[in-house]
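Shown next, in structure tokens, is the structure this report addresses.
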Amino acid sequence: MAIELEDDAQDAVSRLFALINLGDAAQTSRQLSLFEEALEDAEEEEASAAELLWQIKDVIDWESGFHVDWKDAESFIGCLNQLCERIDLEIDWGTDDTEDEDFLEGTSVPELMEIATNQLRVAGYTLWNWDAGDDAYAGWITRSEDDEEMTEIADTLGFDLKAGDQPF
């Protein structure tokens, strides 16, 4: 069996990969191929919005998106730093040592998401987060000029998406 997407959903997924890869056509193509292979290997014929998001997450994790445990501030910082390297941006997390235990224990992923969201907005980018439906935070970065299109994609695919300063 395989999951087949309607044409509008397939177009939305293709556009999503293009937006979150910030113009990197090779990475977009590679991730889209991996996503399509995952749909072909699926045991069901239809997928819910949540199942599609999990397929997308598996393809993009730490390359074009993040998925971290609700209390794992260190991984969130590491992943966001890696994602921001693509756009030559360094987030000021408010400390000289982001691995300092006192710093990590005194902050939370939602607080860090707000810091990153504000700094990314100034640079012309938007940090998004989607409802992972578990004790985790997940999302990606796009250009702010694509905000309207990103919300349309989320509507088409049926998943909940908010700016990073409004974590689920």
Looking at L52, L83, L22, which one is part of a loop (DSSP other than H, G, I, E, B), under 15 Å from the mean Cα position of the chain (by Cα) and modelled with pLDDT of 90 or more? L22
Within region 121-151, of all residues that are in a helix (DSSP H, G or I) and touching a residue at least 40 places away in the same chain (Cβ under 8 Å), the one surrounded by the most Cβ atoms within 10 Å (Cβ to Cβ) is M150
Among the candidates F76, F66, which residue alone is outside any helix (DSSP H, G or I), crowded, with 19+ Cβ neighbours inside 10 Å and either in contact with a Leu (Cβ under 8 Å, 6 or more places away or on another chain) or among the hydrophobic types (A, V, I, L, M, F, W, C) (or both)? F66
Can you give me the number of residues within region 40-63 that are surrounded by 17 or more Cβ atoms within 10 Å (Cβ to Cβ) and over 25 Å from F168 (Cβ atoms)? 0
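The values are calculated or read from the model by the stated rules, or taken from the named source; none is laboratory data. Nothing here was measured: the structure is a model prediction, and the numbers come from that model. Cβ coordinates were reconstructed from backbone atoms using ideal geometry, including for glycine residues, and neighbour counts include every protein chain displayed.
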